[in-house]
Amino acid sequence: ATGKPLVTVVAYYPDNESHAALKKLVLDLPAKFGNQVKAEFVNFTSDAGFKRWQEAGMTCGGIQINGQQTWTYIKDGKPTEVTFKMAEGGEWTKADLEACVKKALADASKKQ
């Protein structure tokens, strides 16, 4: 292992009080998964953040794991599709995020 992250998680949201818990959730991922995961919070209300948000093809607040916003993983024995848009608790949960990061890690490990 070179220490280079296998998985990059980027959250695109306003950096304000109402998104503080979501920011913490994302930025805590490397502590949970180790140096194979890199996490970043992009404040799309800043000029630079807005440009990155647009370049990422985003249309609202959301999260991308290795550049993908929609993931499918096995939940309760069945494929489950989840799109990381809007805030946690709407279309996705913390458990969905962690499961998809685990899947991305497993996929990336196979490619090494």
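Report whether or not residue 14 is in contact with a Gly (Cβ under 8 Å, 6 or more places away or on another chain) and over 20 Å from residue 82 (Cα atoms).
yes
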Conditions (1) open to solvent by 70 Å² or more (accessible area, probe 1.4 Å); (2) closer than 17 Å to residue 20 by Cα; (3) in a helix (DSSP H, G or I): number failed by residue 110: (2)
Considering (1) within 12 Å of the chain's Cα centre (by Cα); (2) farther than 25 Å from residue 31 by Cβ; (3) among the polar types (S, T, N, Q), say which one residue 93 fails and leave the rest. (2)
Quick check: anything in segment 98-105 surrounded by 12 or more Cβ atoms within 10 Å (Cβ to Cβ), part of a strand (DSSP E or B) and of a type in the set (D, E, K, R)? no
Residues 38, 32, 24, 75: which one is without any contact (Cβ under 8 Å) to a residue 24 or more places away in the chain and of a type in the set (Lys, Arg)? 24
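The values are calculated or read from the model by the stated rules, or taken from the named source; none is laboratory data. Fair warning: this is a prediction, and the values are worked out from it, not measured in the lab. For neighbour counting, all protein chains shown are included, and Cβ atoms are generated from backbone atoms with ideal geometry for every residue, glycine included. Ligands, DNA and RNA are stripped out before the accessible areas are found, and what is left, the full protein with its side chains, is counted by its heavy atoms. Shrake-Rupley method; radii C 1.70, N 1.55, O 1.52, S 1.80 Å.
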